[in-house]
Amino acid sequence: MSDLGDFSNYGSDTDDSSGSETSSGTDERRTDETSATEANDDFDRMDLDPIGEDRGLGSLAVSEGLVIGEDSDDTCLRAYITAPNRGDVRIGKYLLVPYPDGEKLFCRITTLEYAQEFHSDDATEIHARRAMRNGTIDETDYKFMATLEPIAVLFSDDGELKRRMTDRVPKPETVVRQASDKREIKTGLKIPEDGVFLGHLSVGGEKVRTAAEPPTIDYRVTDDYDSGDPLVFRHSLVAGGTGSGKTHGAKNILRQYLADERTYPMEDGRDARMAVVQFDPQDEYAQMHDDNPDVTASDERAWEREEIAHGGHDETVAFVPKVGGSTYAASHHEAEQIEFTIPFSMVRDNQWLVAGASLNDNQYGALTHLLNRFFRSHGDGGTYQEFLSYLDDPALREELDETGRVHEATFDAVKRRARSVPSGVFDQSAKSITELVPQFVRSGRLSVVPTYHLPSSRAKEMVVLAVSSLLIDEKLSNAPEFPSIKETPLLVGMDEAHNFLSNADSVQARKVIGKFTDAAKQGRKERLGLFLITQDPQDIAESVFKQINTTVVLNLGDEDAIKSVNIPTSLEKKVPYMEKGQMVVYSPDNSEPVEITGLPKCVTRHGRD
């Protein structure tokens, strides 16, 4: 006997012949009764399978309420999912609920739940043992409920599909269908039809597919003035951990901005192509000059159908900073290389370049006074070494102390800081970056500034901040010295941005952050965009971060980093589990927050052999 009992032969174990006859007679009577009962059962039995063909996933249920409210907490929208459809339903999928007049409620699944169909207790030993032995589940014994989040109402206006806020409740028992039309999905999510391609719409890492050709749904960022300002000039952030596909994705995005046909109207009436300056701490972006050898003809045909720019960008030049005895080796790309140096004259307007990170307000004021006196006496041609010799003059130190301009202790602190500048940052044997501006900023050109070869983090920081400040100052100036910067749409890309734009209390850091904050605020007017790339978004100064309009988040494992990117909670929870190339895009002025998957291959060369 099993633990559950065995009643198959109960009362039949006897050797009594009369008992056997009685048993046999009883069995005959039972057979007749059973036949009669079955006849009655055949008469009363109902077919539980409705006639016809199912047309959706299920229907709206009102058992727990059917409510659409202004406050999301008041909304209650639940659908019963029929048994054959339950295996295909996932959290995050997009659904359509039609209204009788032809409008449709566009929504997404937020929770899935099994509920009891009948009042019974299935948390028992008997139920568990039967399930373990049977190996199958009868889903019709349970209700499978999906909670829906309303996103928009879709309606037709003179043949054009439009969206509006959710303002009406659908009817009970309305059939719920999976959204499968590309136009309806794009309209429901407010995804632009045209713009800069970022990836394909996904749910849980699986691309959303439709009946169209191609079946995937392209996600694009608005890039024209017909729908408002191009979002490139309202700044972008790409955040992702090591191995998340951050650089791969950034290259694919930047390549779209460099497409031949992508232009921007300027104030003088011209249409000009974008110039991109990319600061590159890992020496990876100059590879964008070359084709990706892994790309096939099939890949290219697919990209061309979706109008995705691809292939090496011929107008890619590596502008290599020369610092001391450091050398740059570049066997991993074929881009042209041009050396440059930072002239000390750039310090005249950016005194913080020689201040480091330890001067207080009083000391910084003294440094400014000394630099102004130096350039008045030496002109713009004054060099760093001449400035150090200038500070070595004991008569100068005594004069400033006696006149009360600069206390001798303050003078000594400034002198120590000036001497701590990494050797060879200024005035090396190469053309100055100011001489190279017409080549450095040119429509359609990608100018990459590699810093991997530089000897110290301080040297890297000084080069990046000096060159980026030159670009920003010229863009924001009412009397620019270099018109090519002012008159060209410009995207400034900065990888490892947290190393240069972090929060800090020193006066030097405040000057840097203030400059980039001003640049971000005026970017739309001046055709200047910031494209920041980082694995530590929580370290970027808040005043800069607040100006970012488009945030692309790949896999991040750090909780503080995830919290800092300020994406909706429903997507925030997915970030630590995203595979390489999966992204969340949060761009309120472009679309609803969505999940996308980037291209599996880089459209230019990527990676080293």
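Where a number appears in this text, it was derived from the coordinates with a stated rule and is not lab data. Remember, predicted model here, so these are calculated numbers, not experimental data. All Cβ positions, even for glycine, are placed from backbone atoms using ideal geometry, and neighbour counts span all protein chains on display.
Computed about its Cα centre, the charge dipole of region 58-125 is approximately 480 debye, with only Lys, Arg, Asp and Glu carrying charge at their Cβ. Site pair residue 362 and residue 503 shows an inter-label distance of 2.8 nm when each label is modelled 7 Å from Cα along Cα→Cβ. Which angle from 0 to 90°, rounded to the nearest 10, does the C-alpha axis of helix 507-526 make with the longest principal axis of the chain? Helix 507-526 and the main axis of the chain meet at about 70 degrees.
Per the Kirkwood formula on distinct C-alpha pairs, the Rh of the chain is how many angstrom? Each step should come with its number before you reach the end.
Numbers: mean 1/r = 0.0342 Å⁻¹.
In the chain this quantity evaluates to 29.2 Å.
What value, in deg cm²/dmol to 500, does the helix sum -39500 (n - 2.57) over DSSP H runs of n ≥ 4 give at 222 nm once divided by the residues of the chain? Write down the numbers at each step before the final one.
Values: 16 runs with 176 residues, N = 609.
Rounded to the nearest 500, it is -8500 deg cm²/dmol.
Applying the Karplus relation 6.51 cos²θ - 1.76 cosθ + 1.60 with θ = phi - 60° to region 300-305 yields 3J(HN,Hα) values of 5, 5, 5, 5, 5, 4 Hz, where x marks Gly and Pro.
So what's the projected area for region 566-605, the Cα convex hull averaged over all directions, in nm²? For region 566-605, the mean projected area of the Cα convex hull comes to 3.7 nm².
The Cα center of region 327-394 and the Cα center of region 538-609 differ in position by 36 Å.
Using 0.36 nm per residue, how much length does the chain from residue 175 to residue 408 gain when fully extended, once their Cα-Cα distance is taken away?
On the way: separation 233, 0.36 × 233 = 83.88 nm, distance 8.33 nm.
Roughly 75.5 nm would be gained on extension.
Measuring how big region 141-200 is from its alpha-carbon positions, Rg and Dmax come out at 14.7, 49 Å. The HN-Hα couplings worked out from phi for region 199-210 by the Karplus form 6.51 cos²θ - 1.76 cosθ + 1.60 (θ = phi - 60°) are x, 10, 4, 9, 9, x, x, 9, 5, 6, 10, 10 Hz, whole numbers, x standing for Gly and Pro.
Spin-label pair residue 386-residue 122: with each label point 7 Å from Cα along the Cα-Cβ axis, the two points sit 8.7 nm from one another. Hey, with R₀ at 45 Å, roughly what FRET efficiency would residue 70 and residue 420 work out to, going by the Cβ-Cβ distance, to 0.05? My answer for the efficiency is 0.15. FRET efficiency for residue 162 and residue 132, Cβ-Cβ distance as r, R0 = 51 Å, nearest 0.05? Between residue 162 and residue 132 the formula returns 0.40.
Just how many % of Cα pairs in region 188-316 lie over 17 Å apart, if you round to the nearest whole percent? The share of Cα pairs beyond 17 Å in region 188-316 comes to 66 percent. Between amide H atoms placed 1.01 Å from N, distances below 5 Å from residue 320 occur with 338, 339, 340, all of them 5 or more places distant or on a separate chain. Note on residue 431: aspartates and glutamates with a C-alpha under 15 Å away, same-chain residues under 8 apart excluded, are 339.
In region 383-463, one over the average inverse separation of all distinct C-alpha pairs is 15.7 Å, which is the Kirkwood hydrodynamic radius. Backbone phi angles across region 407-414, fed through the Karplus curve with coefficients 6.51, -1.76 and 1.60 (θ = phi - 60°), yield HN-Hα couplings of 5, 4, 5, 5, 4, 5, 5, 5 Hz in residue order; Gly and Pro are listed as x. For the chain, the share of DSSP beta bridges that are antiparallel, to the nearest 5, is 60%. The simple spin-label model puts a point 7 Å past each Cα toward its Cβ; for residue 397 and residue 62 those points are separated by 9.0 nm. Relative to the longest principal axis of the C-alpha atoms of the chain, give the angle of the C-alpha long axis of helix 361-378, reported between 0 and 90° and rounded to the nearest 10°. Tilt of helix 361-378: around 50 degrees.
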